[in-house]
Amino acid sequence: MVQQTLDTPTDLLHFQLRTAVTMENDSLAALGELAGAAKSAEVKKLFRHHADETREQLANLEKIFAQLEYKQTTAPSPSTKGISKQAASLLERSSTKLRDQVAVSCALGNEHYEISAYQGLILPARTMGLSDVVTPLTANLEQETHTSEELRKTLEKIVA
């Protein structure tokens, strides 16, 4: 495998955008698995709703690639692979009565990673004067932040 050298802020931004596509695809797959593992209708509905938002986020990333005239490819996202493995491991070990708590808790951890990834994209894009890129990235960040809050509130109800 050829290791890409990142020499410029533009190289880094392009690579991180490619990683964001992988991150969102990994998230979409995980949401299906978490919805399948969840027991309550409310939690299942929350995951289905977030899957719809994730598709919107992927569409926003596609627009960014087109706007920047980048070929849309992916780059590895070992963090999201690890988060998914952790979720699968916890769900495998958990009794049925803990499934919703584990699923929501794992999803919350993934949201926090996605929030930091978008923050890490927005700041340099803004500095580079890419306001047309900042807008859809900010929309994705706002969705992730909102979902994180919904998950936190749902987890509070579950553990209360």
So, first residue over 11 Å from Val133 (Cβ atoms) and in a helix (DSSP H, G or I) in region 63-80, second residue of a type in the set (Asp, Glu) and at pLDDT 95 or above, Cβ within less than 6 Å, six or more apart or across chains; the pairs are Thr80/Asp26
Count of residues meeting criterion [of a type in the set (Val, Ile, Thr) and either surrounded by fewer than 17 Cβ atoms within 10 Å (Cβ to Cβ) or in contact with a strand residue (DSSP E or B) (Cβ under 6 Å, 6 or more places away or on another chain) (or both)] in region 72-85 = 2
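Against the condition free of Cβ contacts under 8 Å to residues at least 40 places away in the same chain and under 26 Å from Leu155 (Cα atoms), how does Lys39 come out, does it pass?
Numbers: free of Cβ contacts under 8 Å to residues at least 40 places away in the same chain: no; under 26 Å from Leu155 (Cα atoms): yes.
Judged against the criteria, Lys39 is not a match.
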Criterion (out of contact with any helix residue (DSSP H, G or I) (no Cβ under 6 Å at 6 or more places or on another chain) and at pLDDT 95 or above) met by exactly one of Gln101, Gln119 = Gln119
Among the candidates Ala117, Ala51, Ala88, which residue alone is part of a helix (DSSP H, G or I), among the aliphatic types (A, V, I, L, M), at negative phi and surrounded by fewer than 17 Cβ atoms within 10 Å (Cβ to Cβ)?
-> Ala88
Hey, does region 146-153 have a residue that's buried (at least 17 other Cβ atoms within 10 Å of the Cβ), in contact (Cβ under 8 Å) with a residue 60 or more places away in the chain and closer than 16 Å to Leu12 by Cα?
-> no
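The values are calculated or read from the model by the stated rules, or taken from the named source; none is laboratory data. Nothing here was measured: the structure is a model prediction, and the numbers come from that model. Cβ: placed from backbone, ideal geometry, glycine included. Neighbour counts: every protein chain shown.
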